[in-house]
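Below is one structure, written out as C-alpha cells; comments come after it.
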Amino acid sequence: MIVLRIVCVLLSLCFVLGKDYVLEFTDEDFASRISSYETVVVMFYAPWCGHCKKLKPEYEKAASDFQGEDPPITLAKVDCTESGKETCTKYGVSGYPTLKIFRNGEFLKEYKGPREAAGIVKYMKAQVGPSSKDLVTVADLEAFIGKDDAAVVGFFEKESDIKAEFLKIADKLREKWSFGHSTASAVLKHQGLKDGIVLFRPKHLHNKFEQSFITYDGPPSKDSIEKWITENYHGLVGHRHRENTQDFKNPLVVAYYNVDYVKNPKGTNYWRNRILKVAKNFANAFSFAVSAKDDFQHELNEFGYDYVPSDKPLIFARSTDNKKYSLKDEFSVETFEEFLKKLEAGKLEPYLKSEPIPEDNTGPVTVAVGKNFDEVVTNNNKDTLIEFYAPWCGHCKKLSPIYDELGEKLKGEEVAIVKMDATSNDVPAPFEVRGYPTLYWAPKDSKSSPVRYEGGRELDDFIKYIAKHATSELKGYDRKGKAKKEEL
C-alpha cells in the first residue's frame, strides 16, 4: 500500500513537472543555459503586465506542442522586474512582453509572429531547418499533407526551372505557408507527377464542391507560382481566423457562427457546406470565408450586432471600396443566394452604423453621426476641426469642456467645430481612428485630404492652430491667434 502511494506521488510529480515546458532564465544563468539550446524564443515579461498574462497560456501551450520536434525549438522567459533585470537591459527591452529569438546562444532577431499558440508554433517552425521539407517516403508525404494547414508540395524527378523557382518561393514565404518537396521515385509514382507543384488542402476542409488538391499548370515563374498559391490557398470558402485575416481581400463575404474545428468539426462543416453550395456560383465575384463569432466580436459590432442571435450564421460583406452589407433575413441557402445576387447586381443599400441625427444641433460643437457626416463635415463649406472620441475615454472627458469653449470662441467664424462618437458611428474614409481622442483638420477646399491634428490640447493651442491654417483669416483673431481689437 505504501509502495503504491509512493508510485502515485512520483507519477503525479512527473506529470506536473512534465507540463512545465517554458524554461525560466535569470541573470545568473542566462548566458550559460541559452547557449545549450539550438533555437530559443525568450519572452521578456513583467508579472503585473496584462498583455503578458494574456500571452502566458498561449506561450505555454506552444512550448508543449514543440516537444519532440526535430529540429528542436525551446521557449523560455525572463522576469524583467526581479531576477532578470540586467539581461533585459542588455537586450534593450523597453516594453512587455518582448519576444526575441536566439540561436546557439546568440541573439538572432526580434520575434514578429503571432501571439497565439498555433501561430507561434507555425511561425517558429518556419525559422528552423530547411524552408521546404524533404519528403523521402510516401509516409512522409501523407504525414505532411495531413496537418491542419494547407501544404504546397513540389514533385521533381530532376533539376528543372520550376524546381528552382519553387525553392525560391519556399525561402521567401516559409513563415506564411508550409512547403515540402520530393525527388523519391516512390513518392512521385504515388502522386503520379514527375515535375510539378500540388496544393493540398487540409483534410478537415475537404468537401464535395471543390477538389481536395490542385496541380499548378502555369509557367516556371516565381511570380506566377506565388500568385497561384495566394489565389487558391484557402479554397472556395476559407477558414478565416485572427492570424490570417490579411489573406482575405475585398470584395469579401464572411459567415460568422460557432466555427470550431477542434471541439465541433462536424457542426462547423454543417454550415460551411451550405455556404459552399451557394458560394461556388459566385466565386468570380467574391471571396468567401467562415469565422468564429467569438473571435471577431469587434467585426460584429461594426455591423450593429452585440452577439449572434442564433446558431445559424450571420452573413456580412464588404465591397471593393469597403462599403458594408449584411444579410438581414435569417440564414438559409435560399436567402443567402438571393443576397449574393442582389449584392452582385448592386441592388443593396450599404449598411451604415449611425446614431440618430440630433434633433437640436445648434450647440457650440456640432455633433456628427454616420447619417449626417456628409452634411456637417464633408459638404459644410467650412474649414472643420473634428474630434473622434469614445464616451468611456478619460482623455476625451478631459478635453470635452475645452472643446466646448473652443466652439463658443469661434461662433460666427467660417470654421466648424465637430465631434463624433467613433464607437457608435462608422468613421468614413479617409479619416482613420486608432485611438481616442483622434482629431483632424479638414480645410473646406480639400476635405478629401484631412490632416491629423497633432498639436496641444489647451484652448490657446487650438486657436493658434486654426488661426494659422484657416482658409480665410478669422474675424476675431489674426494669423498668430491673437484676438483682434474691437473697433469703436
Study note, to complete from the structure: residue 361 meets each of (1) in contact (Cβ under 8 Å) with a residue 40 or more places away in the chain; (2) closer than 30 Å to residue 408 by Cβ; (3) out of contact with any Phe, Trp or Tyr (no Cβ under 7 Å at 6 or more places or on another chain) with one exception, condition (1)
Check your understanding: Restricting attention to the stretch 378-405, which residues are open to solvent by less than 40 Å² (accessible area, probe 1.4 Å), in a helix (DSSP H, G or I) and either over 25 Å from residue 473 (Cβ atoms) or at pLDDT below 95 (or both)?
Key -> 396, 399
Review point. Can you name every residue in the stretch 411-436 that is within 18 Å of residue 466 (Cα to Cα) and open to solvent by less than 30 Å² (accessible area, probe 1.4 Å)?
Key: 413, 415, 416, 417, 418
Exercise for review: Name every residue in the stretch 233-250 that is modelled with pLDDT under 95 and not in a loop (DSSP other than H, G, I, E, B), in order of residue number.
Suggested key: 245, 246, 247
**Study point:** Top-ranked residue of the stretch 312-322 - restricted to ones that are assigned to a loop (DSSP other than H, G, I, E, B), modelled with pLDDT of 90 or more and not small (Gly, Ala, Ser), ranked as surrounded by the fewest Cβ atoms within 10 Å (Cβ to Cβ)
**Key:** 320
Review point. Before we move on, is residue 294 open to solvent by 30 Å² or more (accessible area, probe 1.4 Å), assigned to a loop (DSSP other than H, G, I, E, B) and either within 30 Å of residue 120 (Cβ to Cβ) or modelled with pLDDT under 95 (or both)?
Key: no
Exercise for review: Please name all residue pairs, on different chains or six or more residues apart, with Cβ atoms under 6 Å, provided the first residue is in the stretch 304-316 and is closer than 16 Å to residue 340 by Cβ and the second residue is of a type in the set (A, V, I, L, M, F, W, C).
Suggested key: 313/255; 313/271; 313/331; 314/308; 315/255; 315/327; 316/254; 316/303
Review point. Does the stretch 347-366 hold any residues that are open to solvent by 60 Å² or more (accessible area, probe 1.4 Å), closer than 19 Å to residue 253 by Cβ and not in a strand (DSSP E or B), and which are they?
Key: 347, 349, 352
Exercise for review: Can you confirm whether the stretch 110-125 contains a residue that is more than 31 Å from the chain's Cα centre (by Cα), touching a residue at least 24 places away in the same chain (Cβ under 8 Å) and open to solvent by 20 Å² or more (accessible area, probe 1.4 Å)?
Suggested key: no
Review point. Could you say whether any residue in the stretch 183-198 is under 27 Å from residue 344 (Cβ atoms) and among the hydrophobic types (A, V, I, L, M, F, W, C)?
Key: no
Check your understanding: Are any of the residues in the stretch 453-467 at pLDDT 95 or above, within 28 Å of residue 322 (Cα to Cα) and open to solvent by less than 40 Å² (accessible area, probe 1.4 Å)?
Key -> yes
Practice item. Only residues that are of a type in the set (Asp, Glu) and either open to solvent by less than 30 Å² (accessible area, probe 1.4 Å) or closer than 17 Å to residue 194 by Cβ (or both): list them for the stretch 162-176, please. Key: 165
Review point. Given the structure, is residue 159 touching a residue at least 40 places away in the same chain (Cβ under 8 Å) and open to solvent by 30 Å² or more (accessible area, probe 1.4 Å)?
Key: no
Exercise for review: Please verify whether the stretch 304-311 includes one or more residues that are of a type in the set (A, V, I, L, M) and open to solvent by less than 60 Å² (accessible area, probe 1.4 Å).
Suggested key: yes
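A quick yes/no check of all residues on (1) modelled with pLDDT under 95; (2) under 17 Å from residue 234 (Cβ atoms); (3) in a strand (DSSP E or B):
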{"site": "158", "(1), (2), (3)": "yes, no, no"}
{"site": "181", "(1), (2), (3)": "no, no, yes"}
{"site": "187", "(1), (2), (3)": "no, no, no"}
{"site": "220", "(1), (2), (3)": "yes, no, no"}
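The values are calculated or read from the model by the stated rules, or taken from the named source; none is laboratory data. What you see is a predicted model; the values in this text were computed from it and never measured. In this analysis, Cβ positions are derived from the backbone assuming ideal geometry, glycine residues included, and neighbour counts consider all displayed protein chains. When the accessible area is computed, the model is the full protein with side chains, heavy atoms only, and any ligands, DNA or RNA have been set aside. Shrake-Rupley method; radii C 1.70, N 1.55, O 1.52, S 1.80 Å.
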